[in-house]
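Have a look at the structure below before the remarks.
The values are calculated or read from the model by the stated rules, or taken from the named source; none is laboratory data. Just so it is clear, the model here is predicted, and its values are computed rather than measured. Using ideal geometry, Cβ is built from the backbone for each residue, glycine included, and neighbour counts are taken over all protein chains shown. In case anyone asks, the SASA skips ligands and DNA or RNA and just uses the protein heavy atoms, side chains included. Shrake-Rupley method; radii C 1.70, N 1.55, O 1.52, S 1.80 Å.
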Amino acid sequence: MDTHSRFTSRLPGPAINPIVENSDEPQPSLSDLHDFEPKLEFDDTELLSPAPLENVMVGDFVLADDPELEPEEDVNPLEDDFEDQLREQSEQFQAPKNKCDFLGTDKQGRHVFGIYASRFPEKSQLEGFVRQIIKEIEPFVENDYILVYFHQGLKEDNKPSAQFLWNSYKELDRNFRKNLKTLYVVHPTWFIRVIWNFFSPFISDKFRKKLVYISSLDELRQALGLNKLKLPDNICDFDDKLNPSRKSAAAAPASHLTNSINASRQQQHKMAPTMQFGVPLKHIVVNSPCLNSIPPIVRKCVDSLSITGVIDTEGIFRRSGNHAEIMALKERVNRGEDVDLKSVNVHVIAGLLKSFLRDLSEPLLTFELYEDVTKFLEWPKEERSRNVTQLIREKLPEENYELFKYIVEFLVRVMDCEDLNKMTSSNLAIVFGPNFLWSRSTSTSLEEIAPINAFVDFVLQNHKDIYLIDVNQHAL
């Protein structure tokens, strides 16, 4: 894609407070204001005839062919009332170097990126800012992904014009638009609704089901399936102000917190021996019939995906499987049922495998290796092979070593079919990196995910050297 193409955050339609489970099926409208939902994906065919956009102004957004046209001095009353509450929180906020954040993977294993209005530079620098965002997330958009726009912090001097938004969107690579599965807008104001209702006549219907308004961070966590979200303090403080009941609940008495921790520990002690999802790998190895420490459901997934005609499916790990089907299979496995995957959709099986890794109570590459792996790109190239081999052979527990080796060998077979499935080592690393390793206490930033993905890519390309010694010779 042209690195000079421009991208901007896209701001969605009407308020939808209920949480919609992600799936392959289009999300139904949950709002009585459905008729007012904006349509976000621009349809070029609707613009073949001249559109009456000249000399149209909504507040600071001006659409005009004449570059000399300036907005009138009259202030739109909508902006006075509904943007002040966002502006107050960001007056003293200093934007970090990051243009956007990697927030993790959602419950379907899709990458989630956060863009913040409070980080927008002044208007004269917006074009470069947008190019940097594109550069940061471009490696990930070949796969399904989620975008979260945090509206808090938008100010008069960093508010993009409507013409800028229009031009930026039209120049985006197709993958950015096609593979975006959901666009969440957090803390929207009436300003957002007015702007997108204004654009509605000129936009196609394709994006309508992808747009969801989110009124609180708790609602966002539930929608994404992420209990932990590392967000800037100004976003959290603003959410506390808008949702004081949540803050009060967070400040519950210490005795209640202690009781909750004790209950959680008791629950861990009562884990059913049949469980394979959401439990430690050691628990599965001890309680399930594992050959060489490979959990039965992992072996079933790999066997099903290794069949000719399946392993060469284009985008085998890039597309998202039906979330409801994946959840149903997980529940059956945890009850100890023998599931048959012969008639299950390939993307559902792929999603089940990714979900197993993501649901482990500790990542397969362990918290202990996190600091070392995130320094991978800092290692001299001539030392990487030795360092990676040492980490995997000497620091991974035996069951983690064997399962990691088993999955790597399978992914190498997937790579062998890359002419058909389009899954290169780099693509597979982007998909599996965040599922192999994550931070113990916080979300993983884009700066940290890059070396994790590079580490996995290196392992896939050099697996023969790393695993020269047979797995059963791995020393404890």
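Scan segment 205-221 residue by residue and report those that are open to solvent by 30 Å² or more (accessible area, probe 1.4 Å) and either modelled with pLDDT under 90 or not assigned by the TED database to the domain that holds HIS151 (or both).
Within segment 205-221, ASP205, LYS206, ARG208, LYS209, LYS210 qualify.
Against the definition (at pLDDT below 95 and surrounded by 19 or more Cβ atoms within 10 Å (Cβ to Cβ)), how does ILE449 come out, yes or no?
Yes.
Every residue in segment 309-335 that is of a type in the set (Gly, Ala, Ser) and at pLDDT 95 or above, please.
ALA328
Filter segment 222-242 down to residues that are of a type in the set (S, T, N, Q) and open to solvent by 40 Å² or more (accessible area, probe 1.4 Å) and give me whichever is farthest from HIS151 (Cα to Cα).
Across segment 222-242, the extreme among qualifying residues is ASN227.
Does segment 434-444 contain at least one residue that is modelled with pLDDT of 95 or more, under 21 Å from SER293 (Cα atoms), in a helix (DSSP H, G or I) and not assigned by the TED database to the domain that holds LYS228?
For segment 434-444, residues modelled with pLDDT of 95 or more, under 21 Å from SER293 (Cα atoms), in a helix (DSSP H, G or I) and not assigned by the TED database to the domain that holds LYS228: present.
Is it the case that ALA254 is under 26 Å from the mean Cα position of the chain (by Cα), modelled with pLDDT under 50, farther than 30 Å from TYR406 by Cα and open to solvent by 60 Å² or more (accessible area, probe 1.4 Å)?
No, not satisfied.
Looking only at helices (runs of 4 or more DSSP H) that fall completely inside segment 102-199, which ones have 3 or more residues that are under 21 Å from LEU446 (Cβ atoms) and open to solvent by 40 Å² or more (accessible area, probe 1.4 Å)?
Once the helices (runs of 4 or more DSSP H) in segment 102-199 are filtered for at least 3 residues that are under 21 Å from LEU446 (Cβ atoms) and open to solvent by 40 Å² or more (accessible area, probe 1.4 Å), what remains is 126-137.
Of the residues LEU420, LEU428, LEU403, which is touching a strand residue (DSSP E or B) at 6+ places or on another chain (Cβ under 9 Å) and part of a helix (DSSP H, G or I)?
LEU403
Out of all the residues in segment 414-433, which are open to solvent by 10 Å² or more (accessible area, probe 1.4 Å) and in contact with a Phe, Trp or Tyr (Cβ under 9 Å, 6 or more places away or on another chain)?
SER425, ASN427, ILE430, listed by residue number.
Identify the residue in segment 288-308 that is under 18 Å from GLY278 (Cβ atoms) and in a helix (DSSP H, G or I) and, among all such residues, is most open to solvent (accessible area, probe 1.4 Å).
Out of the qualifying residues, it is LYS300.
Output the qualifying pairs, or none if there are none: Cβ atoms under 8 angstrom, residues six or more apart or on different chains, first residue in segment 100-122 and outside the structural domain of PRO139 (by the TED database) and touching a residue at least 40 places away in the same chain (Cβ under 8 Å), second residue open to solvent by 10 Å² or more (accessible area, probe 1.4 Å) and in a strand (DSSP E or B).
Short answer, once both residue conditions are applied: none.
Considering only helices (runs of 4 or more DSSP H) fully contained in segment 321-396, which possess at least 2 residues that are surrounded by fewer than 17 Cβ atoms within 10 Å (Cβ to Cβ) and touching a residue at least 12 places away in the same chain (Cβ under 8 Å)?
Correct list: 381-390.
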